[in-house]
Amino acid sequence: MTVPPSDYHKHVASRYNYAFGKDAPFLPSNATSQNGEFMSPKSFLSAQYCGHCHQESYHQWRQSAHSNAFRAPWYLKNVNLLIEEKGVQFSRHCEGCHNPVALLSGDLSQGMPRKRPFEDEGVTCSTCHSMVSTTAMGTGSWVMGTPAVLVDENGQPITHPVSDGEILAHLDRHSKAVMRPVMHTSEFCAACHKAAIPRTLDDYKWLRAMTPYDEWQQSSFAKESPLPFYRKDVVSTCQTCHMVREPLPAKSSDYGAKEGKLVSHRWLGANTIMSQYYKFDEQAEKTVAFLRNGVFNIDIFALEKEKVPADSSSFIAPLGLVNFPISAGEAMTADVVIQNKGAAHSHVPEQRDFYESWVNFTVKDANGKTLAESGFLQADGNLDSSAHSFTNRIINNKGEFNDRHQIWHNRVLAYNNTVQSGRSQVVRYRFHVPKDLTGSFSLTATVKYRRFNQHYIDYAMNQKHYPEPVVEMAGQTRTFVVGENAAVKPGDDENKEWMRWNNYGIALLDAQQYAASVHAFERVAAFRPDYADAFTNMAVVQILWEKYDEARPSLAKALELLPGDPRALYYRALVERNGGEVNQAITDLEAALIKYPRSRDALRELGFSYYQQHNYVKAREIYEKLQGVDPDDLAAHYNLAILYRRLGQKDKASFEAARFADQKDDPTASVYALEFLRKHPEVANESVVWHVHDITGDPVKHSDKIEYTYMSGGGE
């Protein structure tokens with residue numbers, strides 16, 4: 001029996017702007033209600049109501065980014081810019097994750113009140129705890145069920161007010177109402193922490209916006225892919241890191257605590273400015289500690305001398321473990337290896353165009369005087385334009401940087417310097433040892449972070465030089481002397497020598513320095529002849545270098561040391577298929593998928609291998625499995641369009657062909673990036689994967705620099 005629409009739905013529908021079709025009321029967001037209808041905001045219970053029994057959870061939530069997802073002024077500034085340019089209906093794209101109640105209530109339409117429901121609660125308790133399912137498509141890809149804190153004897157949600165006593169008398173029915181298995185998965189978080197810019201928003205084409213979920217799924221933390229360079233013993237989900245179970249604070253109570261511990265509802269991440277703005281000192285302190293908790297390993301790994309005697313080496317590595325001389329007046333380059341070891345996603349994740357993280361590199365004499373520096377903040381708060389930053393540049397259709405996060409004008413990335421989980425970057429600094437220097441000098445490399453670049457926060461807050469906290473996430477200092485430098489005992493926090501070479505090799509690989517990368521991994525194998533991944537890593541480089549035959553003995557050695565290793569089998573399959581050995585490639589890929597059935601890379605390569613054999617039914621099956629992991633895999637769209645057509649499934653073929661056409665790269669978009677880089681030579685250097693920051697010029701005047709620390713405040 002068809003259930004008639006509710007009176008509330010009919011009331012909203014009669015005046016709602018169905019800008020994207022009657023069958024898609026919530027686009028550009030992918031969110032929807034269980035029956036596709038609008039929902040009264042009164043059906044969502046307030047966070048204060050939940051706080052009756054969950055006092056500590058409420059306290060933590062109030063200071064979280066979820067709680068303040070809608071009301072923060074820097075967010076409102078951006079979403080109101082979108083509304084002014086295109087209309088309130090386009091803000092559904094944003095509010096599906098920032099204010100779900102406003103989206104579902106039908107409020108985001110012309111003529112609706114600007115005072116929006118739950119505007120002070122953003123992502124409130126009853127939004128997350130009422131979602132019944134999500135998908136990995138992101139951009140609010142959730143389905144909202146009926147909000148309730150209790151179900152009846154038949155398991156149906158009770159929609160009228162329920163007393164605290166009634167809930168406490170039926171905790172099992174309370175749990176059924178508010179907890180679902182999906183909430184314990186990373187896929188639950190993927191609904192919002194993965195996003196795309198659809199054609200319905202930008203009037204151009206589909207563009208990927210952010211991919212933290214995908215990055216996690218392919219990282220060692222998820223244990224769903226055999227390809228990461230390092231291996232984890234246990235699975236870590238989003239909740240493992242961002243919802244840690246902690247002891248319940250003294251003089252606090254929460255019925256959700258188990259054995260005196262409560263799952264954190266702070267969702268600690270990197271939102272440093274929110275804590276400052278709302279004077280959440282407790283959240284600020286915990287956020288800084290979170291950012292400093294082993295995300296990075298920094299290794300000032302090598303010095304490259306420009307002029308050396310014929311009997312000396314120009315490359316000195318690894319620093320601290322070798323003897324070498326330094327002369328006053330020498331020009332040299334320091335190789336700094338930055339390893340993202342503690343995050344299950346890239347740094348920085350999500351909105352890279354206005355978040356800001358960079359390397360501050362200094363050369364100082366024994367008295368602490370700065371001789372050279374890269375990555376300083378200028379007097380106006382802006383970052384040194386030549387600093388190495390973990391960011392990107394999103395360019396619009398005028399060849400300009402989208403400096404106000406106008407994602408609806410996006411066209412192309414000029415570059416992307418983020419560090420993926422488990423991988424490394426090498427950042428190189430050229431400097432001079434002063435001719436008159438005697439004694440010692442030091443090199444310091446520090447990864448720093450602040451929520452927004454100065455330009456955006458000044459715009460958002462309507463204030464020049466708006467003060468923003470800067471967090472030093474990790475750093476390392478090495479001290480040298482003019483003269484002979486002897487090896488020193490490694491510090492307790494330093495990696496083993498083989499791992500230092502391994503991280504350097506990974507960084508060189510990503511910088512497309514293939515010969516040097518192979519050499520680094522050979523050094524790893526010399527230290528660890530029992531370490532199978534050292535040999536697989538050599539093969540990875542050789543495959544990317546298109547030296548497939550040279551990869552074979554490396555993979556054979558890896559599989560000798562670690563028989564049946566899925567990582568080595570995957571790469572051997574690539575070598576075999578390149579040599580025309582498709583049957584062997586299929587055997588190896590299927591073996592890898594037995595242990596890693598959700599490896600999107602192995603599924604993609606296996607689907608193509610079956611396609612090469614003209615086994616279209618099996619190829620279709622594999623590509624459909626791939627779409628179950630990543631609904632937006634471009635290769636799956638392309639090949640399924642062909643496969644469905646050949647198997648007589650024309651409607652499905654047309655659908656996949658249309659998805660491929662919309663999601664494939666625009667071949668003309670690179671023009672916008674080239675135009676931007678031509679206009680901005682100061683940042684063009686960053687678009688080259690292997691570049692040097694030359695800081696041999698005049699020393700920085702420290703009076704021209706400014707940095708801010710946390711500003712103390714009150715409570716909430």
* What does the convex hull of the Cα atoms of the stretch 48-205 come to per residue, in Å³, rounded to a whole number? -> 127
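Please compute the volume of the convex hull spanned by the alpha-carbon atoms of the stretch 174-328 and report it per residue in Å³. Write out the running numbers ahead of the final one.
Numbers: hull volume 48.0 nm³, N = 155.
So the per-residue Cα hull volume is 310 Å³.
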* Structure fact -> For K258, the lysines lying under 20 Å Cα to Cα, once residues fewer than eight places off in the same chain are dropped, come out as K176
* **Karplus-derived 3J(HN,Hα), 6.51/-1.76/1.60, for each residue of the stretch 605-616, Hz, glycine and proline x** => 6, 5, x, 5, 5, 5, 4, 4, 7, 6, 8, 5
* How long is the gain from E472 to A331 if the chain were fully straight, where each residue apart is worth 0.36 nm and the alpha carbon distance is subtracted? -> 47.9 nm
* **Value of D in µm² per second that Stokes-Einstein yields for the stretch 1-108, Kirkwood Rh from Cα pairs, at 25 °C (0.890 mPa s)** => 160
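Per residue, what accessible area does the chain have, given a 1.4 Å probe and all protein chains present, in Å²? If you can, show how the numbers build up before the last one.
On the way: 31320 Å² over 716 residues.
Here the residues of the chain average 44 Å² of exposed surface.
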* May I ask which of K557/K625; K42/K251; K364/K435; K86/K398 have a Cα-Cα span longer than 22 Å here? => K557/K625; K42/K251
* Asked: Ordered by residue, what ³J(HN,Hα) values in Hz, to whole numbers, does the stretch 436-443 give under the Karplus form 6.51 cos²θ - 1.76 cosθ + 1.60, where θ = phi - 60° and Gly and Pro are x?
  -> 9, 6, 10, x, 10, 8, 10, 10
* Asked: In the neighborhood of C53, defined by Cβ-to-Cβ distances under 11 Å, what is the net charge if each Lys or Arg adds +1 and each Asp or Glu adds -1?
  -> -3
* **Summed side-chain charge close to A257 - residues other than A257 whose Cβ falls under 14 Å, Lys, Arg +1, Asp, Glu -1** => 0
* Asked: Hey, rough spin-label estimate for Q463 and K279, points 7 angstrom out along Cα→Cβ, what's it come to in nanometres?
  -> 1.3
* What do you get when you divide the Cα radius of gyration of the stretch 472-544 by 2.2 N^0.38 Å, with N the number of residues? -> 1.31
* To do: Express as a percent, rounded to the nearest 5, the fraction of DSSP beta bridges in the chain (both residues included) that run antiparallel.
  => 95
* **Per residue, the convex hull volume that the Cα atoms of the stretch 403-553 enclose (Å³)** => 210
* Asked: Between V322 and D164, what length comes free when the chain is fully extended (0.36 nm per residue of separation minus the Cα-Cα distance, one decimal in nm)?
  -> 50.1 nm
* Structure fact -> Once amide hydrogens are built 1.01 Å from N within the peptide plane, the residues lying 5 or more places from A344 or on another chain with amide H under 5 Å from its amide H are none
* Structure fact -> On the formula 1/(1 + (r/R0)^6), with r taken between the Cβ atoms of S670 and R199 and R0 of 35 Å, the FRET efficiency rounded to 0.05 is 0.95
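Taking every eigenvalue of the Cα gyration tensor of the stretch 155-229, multiplying by 5 and rooting it, what semi-axes result, largest first, whole Å?
Working: eigenvalues 276, 92, 12 Å².
Working from the Cα gyration tensor, I get semi-axes of 37, 22, 8 Å.
In the P(r) worked out for the stretch 401-478, what percent of Cα pairs fall beyond 20 Å?
Across the stretch 401-478, Cα pairs with separations above 20 Å total 60 percent.
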* Distances over 17 Å make up what percent of all Cα-Cα pairs in the stretch 503-565? -> 32
* Asked: Can you give the Rg to Rh ratio of the stretch 332-405, both from alpha-carbon atoms, with Rh computed by the Kirkwood formula?
  -> 1.04
* Dimensionless Rg ratio for the stretch 583-688, taking C-alpha atoms and the 2.2 N^0.38 Å reference -> 1.39
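If the viscosity is 1.306 mPa s and the temperature 10 °C, what Stokes-Einstein diffusion coefficient in µm²/s follows for the chain when Rh is the Kirkwood radius over Cα pairs?
57
Multiplying the sequence separation of D365 and V617 by 0.36 nm and subtracting their Cα-Cα distance, what value in nm do you get?
Extra length from D365 to V617 when fully extended: 83.9 nm.
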* Asked: What FRET efficiency would be calculated for the residue pair D172, E119, taking the C-beta separation as r and a Förster radius of 25 Å, to the nearest 0.05?
  -> 0.15
* Structure fact -> Taking Lys and Arg as +1 and Asp and Glu as -1, residues besides T135 with C-beta under 12 Å from its C-beta add up to -2
* Asked: Out of residues 5 or more away from D694 or on other chains, whose amide H comes under 5 Å of its own, with H placed 1.01 Å from N in the peptide plane?
  -> R430
* **At R0 = 45 Å, FRET efficiency that the Cβ-Cβ distance of R646 and S46 yields, to 0.05** => 0.25
* C-alpha center-to-center spacing [the stretch 505-524, the stretch 629-693] in angstrom -> 28
* Asked: With θ set to phi - 60° and the Karplus curve 6.51 cos²θ - 1.76 cosθ + 1.60, what are the ³J(HN,Hα) couplings of the stretch 120-127 in order, to the nearest whole Hz, using x for Gly and Pro?
  -> 8, 10, x, 8, 9, 3, 6, 7
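Would you calculate a helix-derived [θ] at 222 nm for the chain, using -39,500 (n - 2.57) for each DSSP H run of n ≥ 4 and dividing by the full residue count, to the nearest 500? Mind dumping the intermediate values first?
Values: 28 runs with 258 residues, N = 716.
Value at 222 nm, helices only, nearest 500: -10500 deg cm²/dmol.
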* Asked: Which distance in Å, rounded to a whole number, links the C-alpha centroids of the stretch 100-159 and the stretch 447-471?
  -> 32
* To do: Hey, can you grab everything whose amide H is under 5 Å from the amide H of L262? Only 5+ residues off in sequence or another chain; H modelled, so Pro and N-termini drop out.
  => E246, L248
* In square angstrom, rounded to the nearest 10, how much accessible surface does M112 have for a 1.4 Å probe? -> 20
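The values are calculated or read from the model by the stated rules, or taken from the named source; none is laboratory data. In this text, all values refer to a predicted model and were calculated from it rather than measured experimentally. For neighbour counting, all protein chains shown are included, and Cβ atoms are generated from backbone atoms with ideal geometry for every residue, glycine included. Side chains are part of the model used for accessible areas, which takes the heavy atoms of the whole protein and leaves out ligands, DNA and RNA. Shrake-Rupley method; radii C 1.70, N 1.55, O 1.52, S 1.80 Å.
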